[in-house]
Each structure stands twice: as C-alpha cells, then as structure tokens.
Amino acid sequence: MSEGRVIAPFTNGVSGTASVPGSKSITNRAMLCAALAGGLSTLDGTLLADDTEAMIDAAAAMGASVRIDRTNSQLVVDGIGAGSATEQAAGVGVARVHARSSGTTARFCLPVLAAIGGRWLLDGDPQLRTRPFGDLIAAVRSLGAEVRELGEPGHLPLEVVSANGVDSLAEPRQVRIRGDVSSQFASGLLLAGPLLGGIDLQIHSALDAVSRPYIDMTVAVMTAFGATIDTPSPDRYVVAPGGYRAGGYAIEPDASAASYFWAAAALCGGSVRVEGLGNSSIQGDVRFAQILGEMGAEVAISHNAVVVGAPADGALQGGTFDLRDCSDTAQTLAAVAAFAEGTTRISGIGFIRRKETDRIGDTVSELAKRGVPAVAEPDGIRIRANPFGLRAGRVDCHGDHRMAMAMSLIGLRVAGIEIDDPDCVAKTFPEFFKSLQSLRSPPEGAREPISPVIAIDGPAASGKSSVARAVAAELEMDYLDTGAMYRAVAWAAVQSRVDPHDVEGVAEIARTAKIEISSVCDAQRVTVDGANATAAIRSGEVDRSVSIVAANPAVRRVLTERQRQWANQLGGGVMEGRDIGSVVFPDAVLKVFLTATPTERARRRLAQQAASSGNSDQASPDDGAIAALAAELSERDQLDSGRADSPLRVAFGAVIVDTSEMTQDEAVAQIAELYASATDFRLPAGTANNV
C-alpha cells in the first residue's frame, strides 16, 4: 500500500478545463476489437492505466502486436485476424492471460478465448478472484467450450479449452444471460460473437439489465470495427459472423473520471469544462452532469463539451436518483450528498456490492467515519447531510480506485482528509491528483486583498472565539468576536428583566446599548453601557437565552450592520460568529466553519466555565455532566440551524475545520495555512506557526 495523501481544501473554488484521460471502458473494447481484426488499427486518446495495460497484455498473449505511444496517448495494434488466433494458442501449449484486477479484461476475454480456440489459463489478482463469473462460465459452456474452475466455483482462475475454436460454420448460437449481475457478461459474449459464426444473445427479460448503456457502448465500438449487430428487441442482440475490420478509432474522455471534476465545481464554486464529452457521447456516465443540474448546479451540455458550475444560490439539494445506468458515479454522488441539503437516496445499484469492493457497504462505512449519516439499502444508499458533523480523518479506500477519488472530494471542503492508498487510482486514472490540483483557482487580484476578512463560523462551544483571537494574533490582523456581541445583548436583556422572547424589547436593547469589545493583554474585555460584562456573558443564564436573542431578526439586522462597519473601518480582520460567511461577509477572502463533536464541545465549555469562575483546579467534569451538556448543545445546533433568519449553516465555499482531535495551536496553524492558500500570504520566516 502506498503512503497516505492529505487532500488540501480548495479555498478559491475551481476553474479551467479538466484534463481527463480516455475512457477505460471504450479503450478496452476498442483494444480487443483491434486485436481481433486483421491489419493495423490506430487508437487515439486511449487510457494508459493498469486496467487497460491488462488488456494490452491479454492482446499480446493472443498474438497481437501493440505499439504504445504514451506521449500522445495512442496505441497502434497489429491484429491477429481470422484464424490466426487458433494457431497462436495451439503453438504454446497452455497460453496465459492475467487480467490483474481488471474486470472488463477478464470478462471480455473469457468468451473470446473460447472462440479463438486453444488451451488458456485465465486468472487475475486476489481482488478479481472474489468477483463473480458463474453466469458467464455457464454461457461459455453452452457454446461448446470446456471451462474448468481451478479454485472457488464461479470464480477465477479458469482453464478454458476449445480444441479448434467454437464451430464457426454453425448457425448463430442462441445464448441467454442474466443482466442483473454485470453488463460485462453480455458485452463479453457480444465481443466474441463475430468469431463464433454469429451469436443470438438474449438477456433474461425477467431481470432488468444493469448499466445498459455499457452494452450499447459495446455495440457502438464493435460496429466501428466492422461488426454487424441487429437488435430485434431491447433484450435481444444478433451478431453476424465475419470477424472485425482494422481501422482508426478516437476514444472519448472517460465520463466516470470527469464526474469527480464536475462534482468539485458543484461543491467548491467556480466552473469546470470537460471537452470531448457531450450530448452525443456513447457513455452513460455523462448523465451524472445532469444529476448535478437536478441538485441545483449550473450545467451546460453541448455537442462536444460539458461545463458544470456552482449552484446559483450556493446550495445543492438532495433528491432520489436512479444510477442503474451510471453506477460508476455512485460514490461520487455519495460524496456530493454529504454537502447537499436534506436527504439523498441513490437507487438501482445493488449490483455494485460485487465490484472491486462492496461499493455500498464500504462507502456507507467510510461516510460514517467522516460523520455523514448514511444507510445501506438493498439497492442503494440513503444519505442525510449533516455538515456540522463532518469529521477529518483517514479514509480506508479498500483498494478501490473510485473510493479514493470520490472521498477526495470531501477533502476539498473538509480540512484533514487523508486518503490511505492514493496510488490505487492508477487502476484507471494515474494522474488524478495532478489533474485535480490543476483546477485549483489561484488567489484573485493582489497578493494581499485590499480588505481581507477571515470569516470563522461554527456551532456553540466549538472554540470560535479563542481560535479566532489566536488566528488574528498570528496573522497580525484585527479581531471581532460577534458572538460576544449577541451575548452582550442577551446579558443586557437579563439585567433589564426583558424576556428574551420579547422581539421588540430585545431589539430596542440591541439598537441602544453601547457595546464595546476590546483586547487587553490578549484577553477579551466586553463592556455594555460602561459596565464590565466580560465574565457575565459566559454565564449559564446567558447560554440559555443567547440562541433566542440571536434568532431575533431585528437584532441580527442591527448587529450585522455594526459588524460590517467594523470591518470597513479597520480594513478587514478576523470575524467569528454564526453567519459571518453566509450572511455578513459571503465574499470573505477565507470562510471557515469550525466544529467538533458535541462531546468535545461540551468538555471544553465546562472547562471554560470552571476557569471563568476561578475553579480551574477542580477535577474534570464527570461523564454525566458532559453527556447532558452535549445533548443540550446538539439541541441548540438544531435550533440555530432551523431559525428563519440567518440560520447557522456551513457557508458555500467554506472549509470545515474539525478540531475534535486538535489543540488550539494546531487549529490556528491549519487556518493560517488555509489563508495562505487563499491569498498567497506567507508569514515571515521564523514565525512560530510558519506553515
């Protein structure tokens, strides 16, 4: 396993044209057709990755010659032609094809090896040995070939024997195959069809075929190489005999790979363009861009390009989406759903439990580790977004390239996401991280913004005030504790015996009270109409009323205007609160949402209260007190996030910083690094937290 990789969040959104490799699915289909054709074929725009190199090796084992031009992503294939394959196989005794971990290579080659004749050993990596082949084995046996399972029944390794190839003079053989396990079974039989004297393939109509666009893709590629396929009905394909014809073929960019970049734009802002894909694509996964559009993203699809941008209102919406025909994007959508409002249900994908990994169960497990409430269902995943609960940590990719790429998307918005095995992306997209990084938008305008504001939002007791003060000191910026402003109004209301539910009475206090917040020897001082309220605003009584006060629209209007005036007068600074990034300064140069688990927040709040009352030497609070306060804080989160005016939310484009397992110094260093990324600002050499 490779060394882990920490994903650096995108602080300025994305921009540019994504560099997307050729489609793996099309490359492997075209590679096999070219290998079986007589003469030279040139494949342009090919993917050169582990899966496609497995197919190149398989073609070489069959007798084809392949010249690889990595610089230009081109393959020149000298195919074996009709009749040559049997001679090739017969001359080497047992010929071997090792499919590595490539399902398309193994499943396409099994019926092709039976068709060309000889004695073959078909095997793959341990991961591929766990994937099912039973229905395809039965279909190949029905064509007259001998298939012997050398290990677990219905799995690799397999010995395939067909002394003279399957009889090419016979009438087209009728074959039935289930379509609910893998479309690769049907595609493999179709690819072998021209060598079999034709084939009449019936997909079991009682069971819906999964990923049908992949079968249509197979037909399109075969046709480009001279095969003739009729489709008398939606579940029946009749392939004529006659082999394949060599020629040139241009391969589309991989739509599954493009999905990660489209998702990045929807999550982070800006826009991403992918060229070579559009409404004429033969890949079903282009549908993913349309799904993002249904969730609220800006999407434009033309004949030869797809452009995806952020939602106009900054919010993605959940929904129910059937991904039966674009299942390779299921994990991408699961990552997006972690940030979409409401609940997202991904359906029609029960069969992906049998992919490189259990892509339902393992995805749910990894989302749960990151704080995303997700439930595995028989045919999909149900995800309820909970941005407050998103957590940093290490992602177990389970050796799955798509897990690595999809979970990297969460790292674009949550600081501290580490991919445990980044090299596993080499299976289909070796340059994924480089391509993703190339879309990072640079800081706009001057190296240091004219009026920089760092907006730090977060739920109660997340440490906003102390962290924001320390960040301001670290970056030599001014600091405003907006939470203290609301607390000051709440305290003044308590002192005046004004019910916090009295909307007009509390609003009048906000309009008339003289609130001053300053720092003395790095300690905060709060005065209300000249009275020192520094400690009093942190009391339990104020804790119980401040959410009600903060939900008062009139109070928020008054204090929001004061906050903007403060920033304009000082030329920027560090400002913390509940809606700084979403309402007060939505264009802040850096938006951070500071959070931690409710239990950790409760522990910190109790320690803070003890220190404020001069009892910091007392024993740590017991588990019961922590649990009770954690429940109270969670209830307050719901109240704050559900209020009609300026609800607590993760601002669009904000980076979530989970401090559950961080010290304050580590949190400050993290935010300073994010500010550096957003502005190109660098602390002077020798500074304590020079990150």
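Taking Asp362, Asp478, Asp587, Asp622 and ordering them by how much accessible surface each has at a 1.4 Å probe, largest first, produces Asp587, Asp622, Asp478, Asp362. Accessible surface area normalised per residue over region 518-590 is 42 Å², counting heavy atoms of protein chains with a 1.4 Å rolling probe. Of all aspartates and glutamates in the structure, those lying under 19 Å Cα to Cα from Lys369, and not within fewer than 8 positions of it along the same chain, are Asp358, Glu377, Asp396, Asp400, Glu418, Asp420, Asp421, Glu600, Asp658, Glu661.
The sum of -39500 (n - 2.57) across all DSSP H runs of n ≥ 4, divided by the residue count of the chain, sets its helix-only mean residue ellipticity at 222 nm to -11500 deg cm²/dmol. Farthest towards the positive end of the charge dipole of the chain, among the residues Thr105, Gly278, Ile509, is the Cα of Gly278, using unit charges on the Cβ of Lys, Arg, Asp and Glu.
Think of the chain as having a plus end and a minus end, set by charges on the Cβ of Lys, Arg, Asp and Glu; of Gly45, Thr659, Asn72, Gly45 sits farthest toward the positive end of this dipole.
A 1.4 Å probe run over the protein chains yields, for region 1-55, 28 Å² of accessible area per residue, whole-number rounding. Can you tell me the FRET efficiency between Ser233 and Gln638 if r is taken as the Cβ-Cβ distance and R0 is 56 Å, rounded to the nearest 0.05? Step by step, r from the Cβ atoms, then E = 0.55.
Work out how much length Ile68 to Ala607 would gain on full extension: take 0.36 nm times their residue separation and subtract the Cα-Cα distance, in nm to one decimal. Please report the intermediate quantities before stating the final value.
Details: separation 539, 0.36 × 539 = 194.04 nm, distance 6.44 nm.
Stretched fully, the Ile68-Ala607 segment lengthens by 187.6 nm.
Taking every protein chain into account, the accessible area of region 300-432 amounts to 29 square angstrom per residue (probe 1.4 Å).
In this Cβ point-charge picture (+1 for Lys and Arg, -1 for Asp and Glu), region 199-268 has a dipole of about 120 debye about its Cα centre. With point charges of +1 on the Cβ of Lys and Arg and -1 on the Cβ of Asp and Glu, referenced to the Cα centre of the chain, which listed residue (Ile137, Ser435, Ala220) lies farthest in the positive direction of the dipole? With unit charges placed on the Cβ atoms, the residue in question is Ala220. Under a 5 Å amide H cut-off, with hydrogens placed 1.01 Å from N, Ser660 pairs with Thr597 among residues at least 5 apart or on other chains. Residue pairs exceeding 18 angstrom between C-alpha atoms, taken from Lys355/Lys434; Lys464/Lys591; Lys464/Lys514: Lys355/Lys434; Lys464/Lys514. Subtracting the Cα-Cα distance of Gln202 and Glu431 from 0.36 nm times their residue separation leaves 78.5 nm of extension gain. Here the chain is treated with +1 on each Lys and Arg Cβ and -1 on each Asp and Glu Cβ, and its dipole about the Cα centre works out to around 360 debye. Here's the picture: a label point sits 7 Å out from the Cα of Glu541 along the beta-carbon direction, and within region 478-508 the residues with their amide nitrogen under 11 Å of it are 491-498.
Potential lengthening of the chain between Ala60 and Asp680 amounts to 218.2 nm, from the contour at 0.36 nm per residue minus the alpha-carbon distance. Accessible surface of Lys355, taken over heavy atoms with a 1.4 Å probe and every protein chain present, rounds to 40 Å². In this Cβ point-charge picture (+1 for Lys and Arg, -1 for Asp and Glu), region 388-475 has a dipole of about 220 debye about its Cα centre. How much FRET efficiency would the formula 1/(1 + (r/R0)^6) give for Ser438 and Asp499, where r is the Cβ-Cβ distance and R0 is 51 Å, rounded to 0.05? So the FRET efficiency works out to roughly 0.35.
The Cα atoms of the chain give a gyration tensor whose axes a ≥ b ≥ c have a/c of 1.5 or more with a/b greater than b/c, which makes the shape prolate.
The values are calculated or read from the model by the stated rules, or taken from the named source; none is laboratory data. Here the structure is a predicted model, which is why all the values come from computation and not from measurement. All Cβ positions, glycine included, derive from the backbone under ideal geometry; neighbour counts span all protein chains shown. The area values use the complete protein model at the heavy-atom level, side chains included, leaving out ligands, DNA and RNA. Shrake-Rupley method; radii C 1.70, N 1.55, O 1.52, S 1.80 Å.
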